[in-house]
Amino acid sequence: MQVLALAAVLLLSLIMIPFGMPGTLVMFAAAICYTLLVPNGGIGWLSVGVVGVLMAIAEGLEWTLSARFAKRYGGSRRAGWGAVLGGMVGAFMGVPVPIVGSIVGAFAGAFVGALVFEMSAGSGGGTATRVAWGALLGRVTAAAIKIAIGFVMAIWLMAAALTKAFS
């Protein structure tokens with residue numbers, strides 16, 4: 001029964017990730033709760049630690065890749081910050097729109113943030129637009145990587161839980 005509850009939480013967490021919600025954090029919290037609440041240790045602290053490291057990597061990449069791509073496309077440090085801040089503001093502003101609002105908001109926010117901040121640094125429209133496209137590509141890449149890491153986390157946790165349940 002506990003394994004089914006864990007599976008349900010992991011599935012919900014995986015669904016949360018593409019919508020800009022903290023699905024990897026929910027998985028990490030579920031791993032801790034499962035280990036503390038299930039008799040005989042649940043999945044073990046090694047699995048909790050591995051999942052915690054994966055969560056930190058996923059969250060770090062989500063917030064840094066748009067800035068790195070903006071710089072790769074010729075942007076200033078200012079454009080990188082614009083991409084990060086714009087992505088956060090866009091995700092927050094998009095929340096009222098059902099289902100896809102936070103996704104579109106984060107992507108559009110990274111683009112607009114990089115564009116505005118690069119233009120405020122004195123770059124022309126063509127350069128700023130190229131930098132903004134780089135920031136958008138970085139945000140999309142980060143989302144894809146975070147989803148992939150989420151799948152790895154879910155598989156790891158289910159394998160650990162099933163191994164303990166059937167041993």
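The values are calculated or read from the model by the stated rules, or taken from the named source; none is laboratory data. Everything numeric here is computed off the predicted structure, so don't read it as measured data. No Cβ is skipped: glycine too gets one built from the backbone with ideal geometry, and neighbour counts run over all protein chains shown. Heads up: the accessible areas ignore ligands, DNA and RNA and are worked out on the full protein's heavy atoms, side chains in. Shrake-Rupley method; radii C 1.70, N 1.55, O 1.52, S 1.80 Å.
Observations, loosely collected:
- Zone of PHE151's modelled label, taken as backbone nitrogen in the stretch 1-21 under 17 Å from a point 7 Å along Cα→Cβ: 10-19
- Note on the chain: with a GNM built from Cα contacts shorter than 10 Å, the maximum mean-square fluctuation among SER66, SER123, SER13 falls on SER123.
- Whether the stretch 42-167 is rounded, prolate or oblate, judged on the alpha carbon gyration tensor where a/c under 1.5 counts as rounded: prolate
- 37 °C / 0.692 mPa s Stokes-Einstein diffusion coefficient of the stretch 1-60, Kirkwood radius on C-alpha pairs, µm²/s: 281
- FRET efficiency for PHE166 and ALA144, using Cβ-Cβ distance with R0 set to 35 Å, rounded to 0.05: 0.60
- Calculated translational diffusion coefficient of the stretch 12-101 (25 °C, 0.890 mPa s; Stokes-Einstein with Kirkwood radius over alpha-carbon pairs) equals 163 µm²/s.
- Sorting LEU36, LEU25 on solvent-accessible area from highest to lowest, probe radius 1.4 Å, gives LEU36, LEU25.
- Helical content of the chain, expressed as a calculated mean residue ellipticity at 222 nm, amounts to -29000 deg cm²/dmol (DSSP H runs of 4 or more residues, -39,500 (n - 2.57) each, divided by residue number, nearest 500).
- When the surface is traced with a 1.4 Å probe over the full set of protein chains, TYR73 keeps roughly 80 Å² accessible.
- ARG130 - accessible surface, heavy atoms, 1.4 Å probe, Å² rounded to 10: 110
- Phi angles of the stretch 112-125 translate, via the Karplus equation with coefficients 6.51, -1.76, 1.60 and θ = phi - 60°, into HN-Hα couplings of 5, x, 5, 4, 5, 5, 5, 5, 6, 7, x, 6, x, x Hz per residue; Gly and Pro are given as x.
- Carbon/sulfur fraction of accessible area - the stretch 1-153, other protein chains in place, 1.4 Å, %: 79
- Taking all protein chains into account, the per residue accessible area for the stretch 28-68 stands at 49 Å² (1.4 Å probe).
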